[in-house]
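Note sheet for the following structure.
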């Protein structure tokens, strides 16, 4: 690992003050014995610290109170039993606690932060001599997003809810860094950051928080200068020992987007070498035909999709990022001819080797897999443009067996691709249909993963482990405000 | 309830400073994944506050650590599954916690006090990227018993362990008050206090702690002046809304024992009205034949024995307490002729109406139940004495179907009865056999309940709920030092 202390110090200096909002609910007044439950609804998604106050009913308590508490982000979790979850994501993320209180009345403050709208308290044990009542539940909600500075929504009234829920999602993920989700992983991921930052420029315009995150990624890299895909903040900033080919390249795009929104030339200049380094490292991963060698590229994310072949998407993402690098270098007055030649070579190779002329679709990998992902990224990379791109996306939709986006993150890129090739109305309808289906299910924030065709399915083996407030799902606010706003 | 503020203030002023002893164990160094357990052995019974320190192994932790911890007083609990306990005592007493730690390394201090020798930590969840190690477990053991002031044991070497385990039991129960058990109920009970105080006079000689407890009982009584059977100390001293006929009377004996040991005449004078009031209230519970009317007497404890008829024992306990009241009044120079007449009348009635001349055993209740309890208490009350008493206890032992002591509390009274009627050697053997059987099972402290004939049975439906360090079981130290000491 290579640490840049000056960069990490800059990140530390940019650490935001969290804004604390106090909320309080009264208990129902119901007298609770062992086995009884009480459900509390805070009315919206919150991230913060909870205090539960119990009082006893009946004789003086002659045994401890033992209770469990579970924090739900969404009604989608209500039917789940935590003990039945056996998926591959650690069950340690399930927001359930068990507590003994030796004395009543007692206001118990949980030391951990939770993300939730609903709280279910279950009495596990009292004694025959007494019962309890939940007197109140206090909440210190935290976020670094300042709602007083948020740009008002000027779009259509019918889009207000879509915008508001996107904004709430972003708000909840804005903490000491841009987190991917306040329930899980509570961590700074580059793929999420890129999209969050775009939504942020249209809403809170908190440039410092983006800048802080860029310095965190640039301040701790792999030995060769490769940017990690995520960073742990506590006990002190430290990158996770993993990278993804696409996420490293997105450092370039995220830096460019930041400069475009903020005009902060100093940061652009200081972080340009980090961006350039991602290009240099990725450049070495191509074969002589200018096609990406996946053995050299290493892990690529693209989407949560087990069977997806990612080669063609990764090739396109490389071209996409290089286009941002060209703009970035031009803004600094550098010569970009080499970069442009590189883009041209990789674009040519994509058309020549990653395109099936019979199917009229881009293909990926040795098994020539057809996926929507590949077509979407080819459009975003400008490998095909305008009418050609529109027709490609049209064909893609009717292509049987083509792998489809599995996450709002990938759907974002589909919407973006439609807009880029002039299908603004279709993009709007697709966006309304996808995120609208979550709204129809009562979402207060947008989900990490959602398939409208199978809304009850869980790719993780249980909805109790899902993140129902996930950064990469907040971009309707970006699209609505940037492309569909009347103001 | 009738509060005497002056008495409660006196009790508050006598609140002891707890002596804190620091202990520390290193973890085994084993790398733990989900499902793995680590057992730590502190080598003796302790009561106090625990800090567990974990460190991570492998990659940076990318999920919380979820673990459970269970505190065992005794190996007798090892086989028990907390979730399988469904007895009548609240499962809230089971010393098991579940905790999530978001950051590692972490030293987590549990806010509650536990009573234990063994700690079992079980990893419930980590992630696939990391494991954990228990680095150390710290303990702040607390007790108000000052071992530096304890009178050394001067008995036989072979009795040292019996004395030491008794003393440890007492030590662990000496906290802000004399507790019945540091695991359960952690509370001041008059029946336990009386025996603890006796053991205390031979060991720690902490008169202030007994005095404090006497003032707590006298400072908060029922409206008519009846002393409660137990007192809650937190959040502020308050009696439990229940009394037992025998426990109320034991206030007299406990006060007399205290005076006899301490010579504290001021306390005797101040608390004499409370003692006298217990006599007055109990006196009204007899019928015209001077036999106790159980409807008037209300609840009586005597022993944990569901089928025991308690009438005759209660009659004897009344006589027993009145004998202490006579000594108490004489010490204060009062006329005791009325009291002595009362003792004589009740003794006569016991012999006349509660004795089966055919069986040559005392009987109790409408169904003329024969129990060991009744014979024991008749001897302790002096209803029969010397050779007559020795023969009664002899007959009692061979009497079929006679209910037997169920607790060390009742066995204590049997030993005491044997000593009183001159069977000192037999008393010694019985004591060695009963408490010795617990020592043979590896006891570090003596149990609340123990039946040598069925050592694996649990009257509560599970040993996980037992108190394995219980005040009323600490009296071998009293007997050994008072009756069998060479010094």
Legend entry - Test for residue A:178: is it in contact (Cβ under 8 Å) with a residue 40 or more places away in the chain and more than 24 Å from residue A:49 (Cα to Cα): no
Legend entry - Matching entry among A:469, A:474 (being touching a strand residue (DSSP E or B) at 6+ places or on another chain (Cβ under 7 Å) and closer than 25 Å to residue A:190 by Cβ): A:469
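State whether one or more residues within the range A:29-42 are assigned to a loop (DSSP other than H, G, I, E, B), under 23 Å from the mean Cα position of the chain (by Cα) and surrounded by 14 or more Cβ atoms within 10 Å (Cβ to Cβ). Steps first, answer last, please.
Taking the range A:29-42 first, the residues assigned to a loop (DSSP other than H, G, I, E, B) are A:29-31, A:33-36.
From the residues that got through so far, the ones that are under 23 Å from the mean Cα position of the chain (by Cα) too are none.
There is no residue in the range A:29-42 that is assigned to a loop (DSSP other than H, G, I, E, B), under 23 Å from the mean Cα position of the chain (by Cα) and surrounded by 14 or more Cβ atoms within 10 Å (Cβ to Cβ).
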Inset, instruction - Check the range B:86-95 and report whether any residue there is free of Cβ contacts under 8 Å to residues at least 60 places away in the same chain, in contact with a strand residue (DSSP E or B) (Cβ under 6 Å, 6 or more places away or on another chain), part of a helix (DSSP H, G or I) and facing chain A (nearest Cβ under 8 Å). - result: yes
Inset, instruction - Please specify each residue of the range B:271-280 satisfying the condition of being in contact with a helix residue (DSSP H, G or I) (Cβ under 8 Å, 6 or more places away or on another chain) and either crowded, with 19+ Cβ neighbours inside 10 Å or touching a residue at least 60 places away in the same chain (Cβ under 8 Å) (or both). - result: B:271, B:272, B:274, B:275, B:278, B:279
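Among the helices (runs of 4 or more DSSP H) lying completely within the range A:245-355, list those that include at least 3 residues that are closer than 19 Å to residue A:219 by Cβ. Give the derivation first.
Working: elements: A:245-262, A:265-283, A:294-297, A:311-331, A:337-353.
Those helices (runs of 4 or more DSSP H) span A:245-262, A:265-283.
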Inset, instruction - Return the only residue of B:363, B:317 being more than 23 Å from residue B:430 (Cβ to Cβ) and either in the same structural domain as residue B:288 (by TED's automatic domain parsing) or in contact with a strand residue (DSSP E or B) (Cβ under 9 Å, 6 or more places away or on another chain) (or both). - result: B:363
Inset, instruction - For residues that are touching a residue at least 60 places away in the same chain (Cβ under 8 Å) and in a loop (DSSP other than H, G, I, E, B), scanning just the range B:201-212, find the one that is farthest from the other protein chains (Cβ to nearest Cβ). - result: B:202
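Hey, could you check the range B:304-333 for residues that are without any contact (Cβ under 8 Å) to a residue 24 or more places away in the chain and over 28 Å from residue B:406 (Cα atoms) and say which is surrounded by the most Cβ atoms within 10 Å (Cβ to Cβ)?
Ranking the candidates gives B:326 first.
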Legend entry - Yes/no for residue B:307 being modelled with pLDDT under 95 and in the same structural domain as residue B:365 (by TED's automatic domain parsing): yes
Inset, instruction - Name, by its number, the condition in (1) touching a helix residue (DSSP H, G or I) at 6+ places or on another chain (Cβ under 7 Å); (2) crowded, with 24+ Cβ neighbours inside 10 Å; (3) assigned to a loop (DSSP other than H, G, I, E, B) that does not hold for residue B:186. - result: (1)
Legend entry - Set B:151, B:119, B:123: member being assigned to a strand (DSSP E or B) and more than 13 Å from chain A (Cβ to nearest Cβ): B:119
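Going through the range A:213-244 one residue at a time, which ones are assigned to a loop (DSSP other than H, G, I, E, B) and buried (at least 17 other Cβ atoms within 10 Å of the Cβ)?
Filtering the range A:213-244 for residues assigned to a loop (DSSP other than H, G, I, E, B) gives A:222-229, A:233-237, A:240-244.
Listed by number, the residues that qualify are A:226, A:227, A:228, A:229, A:233, A:237, A:240, A:243, A:244.
Would you check if residue A:83 is modelled with pLDDT under 95 and more than 30 Å from residue A:215 (Cα to Cα)? Even if it seems obvious, please write down each step before you answer.
Numbers: modelled with pLDDT under 95: yes; more than 30 Å from residue A:215 (Cα to Cα): yes.
Yes; evaluated as a whole, the condition is true for this residue.
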Inset, instruction - For residue A:107, state whether it is closer than 26 Å to residue A:43 by Cβ, part of a strand (DSSP E or B) and within 14 Å of chain B (Cβ to nearest Cβ). - result: yes
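Is the range A:290-303 home to any residue that is more than 19 Å from residue A:244 (Cα to Cα), touching a residue at least 24 places away in the same chain (Cβ under 8 Å) and in the same structural domain as residue A:379 (by TED's automatic domain parsing)? Talk me through it step by step, then tell me what you get.
Step one: filter the range A:290-303 for residues more than 19 Å from residue A:244 (Cα to Cα), giving A:290.
If we keep only those that are touching a residue at least 24 places away in the same chain (Cβ under 8 Å) too, we end up with A:290.
Narrowing further to those that are in the same structural domain as residue A:379 (by TED's automatic domain parsing): A:290.
For the range A:290-303, residues more than 19 Å from residue A:244 (Cα to Cα), touching a residue at least 24 places away in the same chain (Cβ under 8 Å) and in the same structural domain as residue A:379 (by TED's automatic domain parsing): present.
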Inset, instruction - With the checklist (1) facing another protein chain (nearest Cβ under 8 Å); (2) part of a strand (DSSP E or B) in hand, flag the one item residue B:141 doesn't pass. - result: (1)
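Conditions (1) without any contact (Cβ under 8 Å) to a residue 24 or more places away in the chain; (2) surrounded by fewer than 21 Cβ atoms within 10 Å (Cβ to Cβ); (3) under 19 Å from residue B:479 (Cα atoms), marked per residue:
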position: B:373; (1), (2), (3): no, no, no
position: B:385; (1), (2), (3): no, yes, no
position: B:396; (1), (2), (3): no, no, no
position: B:401; (1), (2), (3): no, yes, no
position: B:406; (1), (2), (3): no, yes, no
position: B:412; (1), (2), (3): no, no, yes
position: B:423; (1), (2), (3): no, yes, yes
Inset, instruction - State whether one or more residues within the range B:122-139 are closer than 23 Å to residue B:23 by Cβ and either within 26 Å of the chain's Cα centre (by Cα) or in the same structural domain as residue B:187 (by TED's automatic domain parsing) (or both). - result: yes
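For the condition in the same structural domain as residue A:286 (by TED's automatic domain parsing) and surrounded by fewer than 22 Cβ atoms within 10 Å (Cβ to Cβ), what is the one hit in A:445, A:347? Quick ask: steps written out before the conclusion?
Values: A:445 fails: surrounded by fewer than 22 Cβ atoms within 10 Å (Cβ to Cβ).
When all the criteria are applied, what remains is A:347.
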Legend entry - Qualifying residue in the range A:155-176 (condition: surrounded by fewer than 18 Cβ atoms within 10 Å (Cβ to Cβ), assigned to a loop (DSSP other than H, G, I, E, B) and in the same structural domain as residue A:57 (by TED's automatic domain parsing)): no
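Assess whether residue A:225 counts as being without any contact (Cβ under 8 Å) to a residue 24 or more places away in the chain and on the phi > 0 side of the Ramachandran plot.
Numbers: without any contact (Cβ under 8 Å) to a residue 24 or more places away in the chain: no; on the phi > 0 side of the Ramachandran plot: yes.
No, not satisfied.
Starting from residues that are away from chain A (no Cβ under 14 Å) and surrounded by fewer than 20 Cβ atoms within 10 Å (Cβ to Cβ), keep the ones in the range B:58-80 and report whichever is nearest to residue A:96 (Cα to Cα).
Across the range B:58-80, the extreme among qualifying residues is B:80.
The values are calculated or read from the model by the stated rules, or taken from the named source; none is laboratory data. A quick note: this is a predicted structure, and the numbers were derived from the prediction, not measured. Every residue, glycine as well, gets a Cβ built from its backbone with ideal geometry; the counts of neighbours run over all protein chains shown.
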